[in-house]
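K.L.:
Sharing a structure with you now.
The values are calculated or read from the model by the stated rules, or taken from the named source; none is laboratory data. No experiment lies behind these values; they were computed from the predicted model shown. Note that we place each Cβ from the backbone using ideal geometry, even for glycine, and neighbour counts take in every protein chain shown. These area figures cover heavy atoms from the full protein model, side chains too; ligands, DNA and RNA do not enter into them. Shrake-Rupley method; radii C 1.70, N 1.55, O 1.52, S 1.80 Å.
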Amino acid sequence: MATPCRSPSLRKALLERPSPDVASRKSQQLGCRFIANRTSMDFDIANYMLAKENLDHEQPVLNEEYRKQLAGNLLKDSNLMHKNSRILAFKSKPPPPPEGFERNAKLLYSENVHGGAAKRSKIYRHIPQSAERTLDAPDLLDDYYLNLLDWSSRNVVAVALGNTVYLWHATSGSIEELMQVSEDDGPVTSVSWGPDGKHIAVGLDNGEIQLWESTALTKMRTLKGHTARVGSLAWNGGPILSSGSRDNAIFNHDVRIRDHLTTKMNAHEQEVCGLKWSLSGQQLASGGNDNLLHIWDASMMASGAPSSYLHRFDEHQAAVKALAWCPFQSNLLASGGGTADRCIKFWNTQTGACLNSVDTNSQVCALQWSRHEKELLSSHGFSQNQLCLWRYPSMVKMAELRGHTSRVLHLAQSPDGYTVASAAGDETLRFWQVFGTPDNNKQQLLRTRSVESTTGINNVSCANIR
Amino acid sequence: MATAQVARDIITLKGSADIVTEFFCYAVNSIIYQRGLYPEEQFGRVKKYGLTLLVAQDESVKKFITGVTAQLAAWLQNGQLQRVVLVILDQRTLEPLERWNFLIETDQEVIQKGISKRKSDADIMKEIQAIMRQITSCVTFLPCLNSTCIFDVLAYTDKDAAVPMTWTDSDAKIIENSQVVKLRSFDTKVHKIDASVAFKMDSDA
């Protein structure tokens, strides 16, 4: 595009504007020797007259040209242009987009941005790096194959220390002893709260399972059947209690009926150390020291045949103890392997597909899904003894929580899903506010705290619960 | 054979106006599709200019576009149309967010003397194709429209242009603090269309 000063008319205007010199040169040619009488000439007027003549012709063209160029090039929307045009709009307007229409492009081009921002804000959610509370847990067995910690739906933490099961009431901070077994029968090898949060199953070294009522601290019944210690227990959300033992068997007990043993499942070749029912109560996942992970379907397991399991996964290279069913996606199971494996694997238990596998570089002892975010917490052993918070499904590590000085064997989640308790081989119980603190939960927490301070426990950062 | 070829390359005022009108029709459709003003399901695919373009299927949108382009054609044939602007406004606040500017320069010689020019159809199509492609690619740099938006078409005409009752005077709907990106232009030798898009500058940029 030509700039205004380069336009032909302008150049012409500049060139053809006669100067006084030209006029005087013209007059010089009249005689052979002419000495101009400058006093009789009014150069100012002459110049003005000459210039005026030019301006009359050139100026309007120049102006229009200049304005057009300027408007076209520089001031696209300036009012200069509008002076000789009329802006018109069609009277009938196009219809507005339909109600509730979510713009596709917005999703297309901003999903990452927003997702990223959201992810960021979540990553930057304050995750306390230290334990909110630490409790001493002397005599906690440092045995990978046991399950000694559980948190009930009534907000009571049960922990087995040696031969004794203690209850720690999270709301009041008070501690009571649930039961103690004799040296011959003990130690306690597993604890599991029933879905009502009132009854608790206790697995013993002698192969017995005892059922206790936690408010009255009375034993309801004893379930016998296993010939070796019961290292894992799981409730199906109803009256069925599954138990995994060192005798390689998994039994289902219907705790309501006299002949409680309803199903026997023999598929593992070594001790069963991980046992979890899916939230729907339809599938049972069992992990063993034989590095196998089995998925059992509730409708199929009754047949009792050795191969009545739905899936058998042999991808883990070490004992499978850490199991966790995803709370927001059915049929999604996370499993963690022991020292030789160190992987967290994700399974679609319907199709049997391994969805993902992440090497954590450390023994995976326990797994807990967050119920509020798509996050997974794993606890590890040598060498960091840390807890890792992962974002699912990206498996980006959001936080590493250190504090334990020995492998973190057990994890349990509070009923509100915000706090996680961890029990480690260093004989401590630690509570982590790792899954966030909702606004509506703050009020309750404050109340909890005030109750605690009256009991005096809050002032002691490390309380001996024995 | 040769004469037929020559005859086809002749561009008259009316022919040029038709080409430009058609271009506006597809440009408006493309812009409202690309900027996601209506749900994707309301658009159908059409092969045009060697491209697959999306055209609104919704009856009232179609009616609006045909109504507008019919009048644009009339003005173009008289050489009275100076520019066409597609404005995208926030539905709630009516704040202009985007202005798609199509400056039209009409060859005065053609208007006054009624002569015709020569340019091959293929060349014009190529130029239009380039603009259409640019409109499609603009979504990558244009700021995201986060609110529900509507659009309007403004026509800048000569003062003496005949205005039917269905049209009314409007303000320019200028965007404050805008940034302009010049797009390609195309030329039928009778009408020269310069396209550009102005958008609201990112407040945090």
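K.L.:
How much of the calculated P(r) for the stretch A:216-295 lies past 14 Å, in percent of all Cα pairs?
P.N.:
On the way: 1866 of 3160 pairs.
Distances greater than 14 Å cover 59 percent of the Cα pairs.
K.L.:
Quickly work out the A:E213-to-B:K14 label distance, labels modelled 7 Å from Cα along the C-beta direction, and quote it in nm with one decimal.
P.N.:
Here the answer is 10.1 nm between the modelled labels.
K.L.:
Along the three principal axes, how long is the stretch A:297-372 when you take its alpha carbons, biggest first, rounded to the nearest angstrom?
P.N.:
39, 31, 18
K.L.:
Still on this model: Between their Cα atoms, which of B:K62/B:K192; A:K93/B:K14; A:K93/B:K182; B:K62/B:K159; A:K276/A:K321; A:K93/B:K62 are more than 21 Å away from each other? Walk me through the numbers before you get to the answer.
P.N.:
Numbers: B:K62/B:K192 26 Å; A:K93/B:K14 27 Å; A:K93/B:K182 27 Å; B:K62/B:K159 28 Å; A:K276/A:K321 10 Å; A:K93/B:K62 11 Å.
Violating the 21 Å Cα-Cα cut-off are B:K62/B:K192; A:K93/B:K14; A:K93/B:K182; B:K62/B:K159.
K.L.:
Dividing the alpha-carbon radius of gyration of the stretch B:2-199 by 2.2 N^0.38 Å (N being the number of residues), what value is obtained? Provide the component values of the computation, followed by the final result.
P.N.:
On the way: Rg = 16.9 Å, N = 198, 2.2 N^0.38 = 16.4 Å.
Normalised by 2.2 N^0.38 Å, the Cα Rg of the stretch B:2-199 equals 1.03.
K.L.:
Counting just the Cα atoms, what span does the stretch B:126-171 cover along each of its three principal axes? Round to the nearest Å and put the largest first.
P.N.:
Extents along the principal axes: 39, 35, 15 Å.
K.L.:
Any residues in the stretch B:92-131 that have 10 Å² or more less accessible area with all protein chains than in their chain alone, probe 1.4 Å, and which are they?
P.N.:
By number: B:R99, B:N101, B:L103, B:E105.
K.L.:
Just in the stretch B:104-166: which chymotrypsin sites (Phe, Trp or Tyr not before Pro) are loop by DSSP and have at most 12 other Cβ atoms within 10 Å?
P.N.:
On the way: sites: B:F141, B:F151, B:Y156; in loops: B:F141.
Of the chymotrypsin sites (Phe, Trp or Tyr not before Pro), the ones in loops of the stretch B:104-166 whose Cβ has at most 12 other Cβ atoms within 10 Å are B:F141.
K.L.:
What Kirkwood hydrodynamic radius, in Å, does the stretch A:128-255 give when the mean of 1/r is taken over all pairs of distinct Cα atoms and then inverted?
P.N.:
Values: mean 1/r = 0.0683 Å⁻¹.
Averaging 1/r across every pair of different Cα atoms and inverting gives 14.6 Å.
K.L.:
Amide H of A:A267: which non-local residues (sequence gap of 5 or more, or other chain) have their own amide H closer than 5 Å, using H built in the peptide plane?
P.N.:
A:I250
K.L.:
Any idea what log10 I(q)/I(0) is at q = 0.10, 0.24 Å⁻¹ for the stretch A:314-414, Debye with uniform C-alpha scatterers and no solvent?
P.N.:
Log10 of I(q)/I(0), two decimals: -0.23, -1.37.
K.L.:
Still on this structure: Kindly state, to the nearest 0.05, the FRET efficiency for A:D44 paired with A:N84, given R0 = 41 Å and r defined as their beta-carbon distance.
P.N.:
Numbers: r = 36 Å, r/R0 = 0.88.
So the FRET efficiency works out to roughly 0.70.
K.L.:
Per residue, how large is the accessible surface of the stretch B:20-63? Use a 1.4 angstrom probe and give square angstrom.
P.N.:
The answer is 43 Å² per residue.
K.L.:
Note every residue of the stretch B:132-149 with a reduction of at least 40 square angstrom in accessible area, all protein chains present versus the isolated chain, computed with a 1.4 Å probe, or write none.
P.N.:
B:C144, B:N146
K.L.:
Also: Probe radius 1.4 Å, ligands and nucleic acids ignored: give me the carbon and sulfur share of the accessible area of the stretch B:104-205 as a rounded percent. Please report the intermediate quantities before stating the final value.
P.N.:
Values: 2460 of 5190 Å².
Taking all protein chains in place, the stretch B:104-205 shows 47 percent carbon and sulfur surface.
K.L.:
If you don't mind, another one. Between A:R258 and B:N146, with labels modelled 7 Å along Cα→Cβ, what's the label distance in nm to one decimal, could you check?
P.N.:
Each label point lies 7 Å from its Cα, and together they span 7.0 nm.
K.L.:
I'd like the FRET efficiency for B:K189 and A:S153, computed as 1/(1 + (r/R0)^6) with the beta carbon distance as r and R0 of 60 Å, rounded to 0.05. Walk me through the intermediate numbers first.
P.N.:
Details: r = 81 Å, r/R0 = 1.36.
Approximately 0.15, to the nearest 0.05.
K.L.:
If you take the beta carbon distance between A:Q129 and B:Q57 as r and set R0 to 60 Å, what does 1/(1 + (r/R0)^6) give as a FRET efficiency, to the nearest 0.05?
P.N.:
Working: r = 57 Å, r/R0 = 0.95.
That gives a FRET efficiency of 0.60.
K.L.:
Each label point is 7 Å from the Cα along the Cα-to-Cβ direction; what then is the distance between the points at A:S383 and A:S182, in nm?
P.N.:
Placing both labels 7 Å along Cα→Cβ, they lie 4.7 nm apart.
K.L.:
With a probe of 1.4 Å, find how much accessible area the stretch B:89-205 has per residue, and write the answer as a whole number in Å². Walk me through the numbers before you get to the answer.
P.N.:
Details: 5840 Å² over 117 residues.
On a per-residue basis, the stretch B:89-205 sits at 50 Å².
K.L.:
Roughly how large is the A-B contact in terms of buried accessible area, totalled over both chains, probe 1.4 Å, nearest 100 Å²?
P.N.:
On the way: alone 24330 and 11190 Å², together 31960 Å².
Buried surface at the A/B interface: approximately 3600 Å².
K.L.:
Another question, if that's okay. Sorted from largest down, what three extents in whole angstroms do the Cα atoms of the stretch A:341-388 have along their principal axes?
P.N.:
35, 28, 12
K.L.:
Name the GluC sites (Glu not before Pro) in the stretch A:244-336 that are in a loop by DSSP and that have at most 13 other C-beta atoms within 10 Å, would you? Kindly include the intermediate steps, with their values, before the conclusion.
P.N.:
On the way: sites: A:E269, A:E271, A:E315; in loops: A:E269, A:E271, A:E315.
Counting only loop positions with at most 13 other Cβ atoms within 10 Å, the GluC sites (Glu not before Pro) in the stretch A:244-336 are A:E269.
K.L.:
Rolling a 1.4 angstrom probe over the protein heavy atoms, how many square angstrom per residue are accessible across the stretch A:261-390?
P.N.:
Details: 4660 Å² over 130 residues.
I get 36 Å² per residue for this part.
K.L.:
Given the Cα atoms of the stretch B:96-193, and with Rh set as the inverse mean 1/r over their pairs in the Kirkwood sense, what is Rg to Rh to two decimals? Walk me through the numbers before you get to the answer.
P.N.:
Working: Rg = 16.8 Å, Rh = 16.6 Å.
Ratio of gyration radius to Kirkwood radius for the stretch B:96-193: 1.01.
K.L.:
Additional query: Are there GluC sites (Glu not before Pro) in the stretch A:164-203 that DSSP puts in a loop and that have at most 15 other Cβ atoms within 10 Å, and which ones? Each step should come with its number before you reach the end.
P.N.:
Numbers: sites: A:E176, A:E177, A:E183; in loops: A:E183.
Counting only loop positions with at most 15 other Cβ atoms within 10 Å, the GluC sites (Glu not before Pro) in the stretch A:164-203 are A:E183.
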